[in-house]
1. Scanning the range 169-189 for residues that are part of a loop (DSSP other than H, G, I, E, B) and within 18 Å of the chain's Cα centre (by Cα), which turns out farthest from the ligand (Cβ to nearest atom)?
2. Identify, please: which residue in the range 122-165 is within 16 Å of the ligand (Cβ to nearest atom) and part of a strand (DSSP E or B) and is, among those, surrounded by the most Cβ atoms within 10 Å (Cβ to Cβ)?
3. Taking the range 74-121, which residues are within 12 Å of the ligand (Cβ to nearest atom), closer than 20 Å to residue 2 by Cα and not in a strand (DSSP E or B)?
4. So, in the range 145-159, how many residues would count as being over 15 Å from residue 189 (Cα atoms) and not basic (Lys, Arg)?
5. Which is crowded, with 16+ Cβ neighbours inside 10 Å and within 16 Å of the ligand (Cβ to nearest atom), of 17, 25?
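Only the coordinates and a few stated rules stand behind these numbers; no lab work does. All values reported here derive from a predicted model rather than from experimental measurement. Heads up, the Cβs are rebuilt from the backbone with ideal geometry, glycines too, and the neighbour counts pull from every protein chain shown.
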Amino acid sequence: MFKNVIARRPGTSITEGITSAPELGKPDHQLALRQHQAYCQALESCGVQVTVLPPLEEYPDSCFVEDTAVLTTRCAVITNPGAPSRRGEVDHMVDVIRSFYPADRVEFIRDPGTLEGGDVMMVGDTFYVGLSARTNREGIEQFARILGRNGFKVRAVPLSQVLHLKTGVNYLEGGNLLVSGEFVDHPEFASFNRIVVPPEEAYGANCIWVNGTVIVPQGYPTVEAQVRDLGYRVILVDTSEFRKIDGGLSCLSLRF
Ligand code: CIR
């Protein structure tokens with residue numbers, strides 16, 4: 001069960017966030033703020049305490065706090081983002097993360113290692129890590145050493161078609177795994193109860209499980225029905241403005 005969530009409100013500079021889909025247009029800041037507020041309310045309704053940090057205008061992508069840290073039950077790992085424009089975001093996360101963890105439980109990924117939290121998927125004591133354009137081998141090796149010392153296992157998953165591992169695969173607990181695209185037949189995930197997201201709803205694969213509820217992005221009816229059929233309580237949250245800069249539900253928070 002998760003007790004805490006950290007999120008960061010989007011700044012007006014969200015319009016300059018990194019995107020692979022400029023054809024979707026630029027995010028509307030006011031609408032993004034309203035969607036962010038609804039997202040935080042949805043999380044609170046799942047019984048977690050939400051810490052909302054102020055916007056960081058100098059970092060257009062800084063509302064995607066998931067990429068800056070991996071917060072486990074035994075340690076916190078501050079990442080080293082692979083995107084140069086996002087590197088400095090981590091400096092603005094250290095103090096708040098230290099407020100939740102003992103000093104000797106906060107670790108760091110260091111150059112030349114890079115790692116972004118969107119590439120990390122927790123399944124019990126095992127952490128799957130995408131080897132991606134943002135997370136390199138050295139970053140995964142450092143991460144595996146840190147987590148190994150804390151009694152966790154790490155498995156690297158090379159990926160080629162999506163930004164982060166969790167862009168395409170998300171664990172809903174209970175053995176249930178939402179999979180899309182290159183992960184549908186991936187041997188690493190063969191033993192899960194795989195729920196295959198259709199290509200036209202691929203963005204909807206980025207759902208989050210929070211204490212028995214699954215938050216699903218609004219506008220992906222097949223995914224919504226698939227998740228409801230598994231028996232979860234479902235909350236829909238509109239993430240249209242974050243999608244314009246490749247962000248989804250998981251990216252917007254650290255859940256721990
Ligand atoms: C980026 O390219 O870094 C942001 N525009 C989107 C980050 C999405 N984060 C995530 O999937 N964890």
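1. Taking the candidates together, the pick is 173.
2. In this case the residue turns out to be 130.
3. 117, 118, 119
4. Going through the range 145-159 one residue at a time, the tally reaches 6.
5. Going through 17, 25 in turn, the sole match is 17.
Every residue, every condition in (1) away from the ligand (no atom under 16 Å from the Cβ); (2) surrounded by fewer than 16 Cβ atoms within 10 Å (Cβ to Cβ); (3) in a loop (DSSP other than H, G, I, E, B), yes or no:
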| site | (1), (2), (3) |
| --- | --- |
| 167 | no, no, no |
| 191 | yes, yes, yes |
| 200 | yes, yes, no |
| 204 | no, no, no |
| 222 | yes, yes, no |
| 235 | yes, no, no |
| 251 | no, no, no |
